Amino acid sequence: MAEAAHHYDETMPLEYRTEESRLNILGFWIFLGAEVALFATLFATYLVLFQRTGHGPTTADLFEIKDVMIETLLLLTSSFTCGLAVFEMRRRRLTGLLVWLLVTLLLGAGFITFEVREFIHYVHEGATMQTSAFLSSFFVLVGTHGAHVSLGIGWMTLIIIQLLQRGFTPRTARKVFIVSLYWHFLDVVWIFIFTLVYLTGMVM
Amino acid sequence: MGTNYHHETFPWKHIVGFILSLVLTFAALWIAFSSGLATKAILTGIVVLAVLQAVLQLFMFMHVTESDSGKIQTINMAYSFFIAIVVVAGSIWTMAFVL
């Protein structure tokens, strides 16, 4: 970082214009590294326990591929639209940015709706957190991800409000960029839940 | 210096990334349910596809290599993935002797 004297640079995206913003973004990447470690422990617990179903249902009894695919496509598309939001921000189009952030929020809300419905469905089938080691670890892993998405929806809503109030500033741009990193990261975690929890659970 | 910002007029990178993600997702679905492979081969295949898609998100959507700290960011994420593999594979391996 020392070699390049980073003063104000016109070609630089708005979110990288100040030293503070650059450090915030770097700091957020390091936080995401810690999040990877957090989810790794939950995946490890789940993968060790998912065949310990006791008297409760197994993964094959419970999972429905159609519901899982709907959730997967909603979140994957929201990651794409979130990328488009940052793309529009870098072209300095506030309306485009706001529209794509809103689309991202709606897709995220759709994902959470389907996930909550899935969980309620499981509980009605007698598959609760207390039923077996499989279900305890399942609800903790998938629930932690769902809680992250819910938090992301609230966070993004607040940033949309700030954008409406303040427009483009180095500060709002940095906030949009960081929430976009968070949102893409949640899709990365979901790819592994899709693969290691749902697909694996239906194959084995 | 590591700065490499994109000033395209059309989001090609995002669209290509999105299409590739969809292809990888449906490829995993096909391997799991229609390929007729042995369970072990299916699991290997879908995990490889998941890792590819995660890398795709990091590079195409999150621009992990971007900015002056791009190198630090990339090393940080690579190291966190290394920790994840050690924790997950290590736990499965250890518990295989217990269960």
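Per-structure values
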{"quantity": "Hydrodynamic radius of region A:93-204 per Kirkwood, over alpha carbon pairs, in Å", "calculated": "15.7 Å"}
{"quantity": "Taking N as its residue count, the alpha carbon Rg of region A:125-176 over 2.2 N^0.38 Å", "calculated": "1.82"}
{"quantity": "Relative contact order (percent, whole number), chain B, Cα cutoff 8 Å, 6+ residue spacing", "calculated": "37 percent"}
{"quantity": "Solvent-accessible area, 1.4 Å probe, carbon plus sulfur percent, for region A:54-204", "calculated": "66 percent"}
{"quantity": "Debye intensity ratio I(q)/I(0), log10, region A:144-198, q values 0.13, 0.25, 0.27, 0.30 Å⁻¹ (C-alpha model)", "calculated": "-0.39, -0.93, -1.02, -1.14"}
{"quantity": "Average accessible surface area per residue within the protein assembly as shown, 1.4 Å rolling probe, Å²", "calculated": "46 Å²"}
{"quantity": "Whole-Å distance, taken between Cα centres, linking region A:118-162 and region B:41-82", "calculated": "24 Å"}
{"quantity": "Three-way shape label, region A:1-133, alpha-carbon gyration tensor, a/c 1.5", "calculated": "oblate"}
{"quantity": "In order through region A:91-97: 3J(HN,Hα) via Karplus (6.51 cos²θ - 1.76 cosθ + 1.60), integer Hz, x for Gly, Pro", "calculated": "8, 6, 10, 5, 4, x, 4"}
{"quantity": "Directionally averaged projected area (convex hull, Cα atoms, the protein assembly as shown), nm²", "calculated": "16.2 nm²"}
{"quantity": "Semi-axis lengths (Å, descending) of the ellipsoid that matches the C-alpha gyration tensor of region B:15-99", "calculated": "27, 22, 6"}
{"quantity": "Rounded tilt (10° steps) of B:70-95 against the dominant C-alpha axis of chain B", "calculated": "10 degrees"}
{"quantity": "Reachable aspartates and glutamates from A:Lys175, criterion Cα separation under 13 angstrom, eight or more residues apart if same chain", "calculated": "A:Glu15, A:Glu20"}
{"quantity": "Environment charge at A:Phe87 (Cβ cut-off 12 Å; Lys +1, Arg +1, Asp -1, Glu -1)", "calculated": "+3"}
{"quantity": "Averaged over A:39-48, number of beta-carbon atoms from partner chains that fall within 10 Å", "calculated": "6"}
{"quantity": "Angle between chain A longest axis and helix A:170-192 axis [Cα atoms, degrees, rounded to 10]", "calculated": "20 degrees"}
{"quantity": "Relative contact order, percent, region A:60-120 [alpha-carbon distance under 8 Å, six or more residues apart]", "calculated": "40 percent"}
{"quantity": "Degrees separating the helix A:65-90 axis from the principal Cα axis of chain A, which is the longest one", "calculated": "10 degrees"}
{"quantity": "Taking N as its residue count, the alpha carbon Rg of region A:57-150 over 2.2 N^0.38 Å", "calculated": "1.34"}
{"quantity": "Mean Cα-pair separation over length for region A:51-204, i.e. relative contact order, pairs under 8 Å, 6 or more apart, %", "calculated": "35 percent"}
{"quantity": "Charge context of A:Leu97, other residues only, Cβ under 11 angstrom, K/R +1, D/E -1", "calculated": "+3"}
{"quantity": "Out-of-range pairs (alpha-carbon distance over 24 Å; input B:Lys13/B:Lys71; B:Lys13/B:Lys40; A:Lys66/B:Lys13)", "calculated": "B:Lys13/B:Lys40; A:Lys66/B:Lys13"}
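The values are calculated or read from the model by the stated rules, or taken from the named source; none is laboratory data. This is a predicted model, so every value here is computed, not measured. Every residue, glycine as well, gets a Cβ built from its backbone with ideal geometry; the counts of neighbours run over all protein chains shown. Surface accessibility is based on the protein's heavy atoms, side chains included, excluding ligands, DNA and RNA. Shrake-Rupley method; radii C 1.70, N 1.55, O 1.52, S 1.80 Å.
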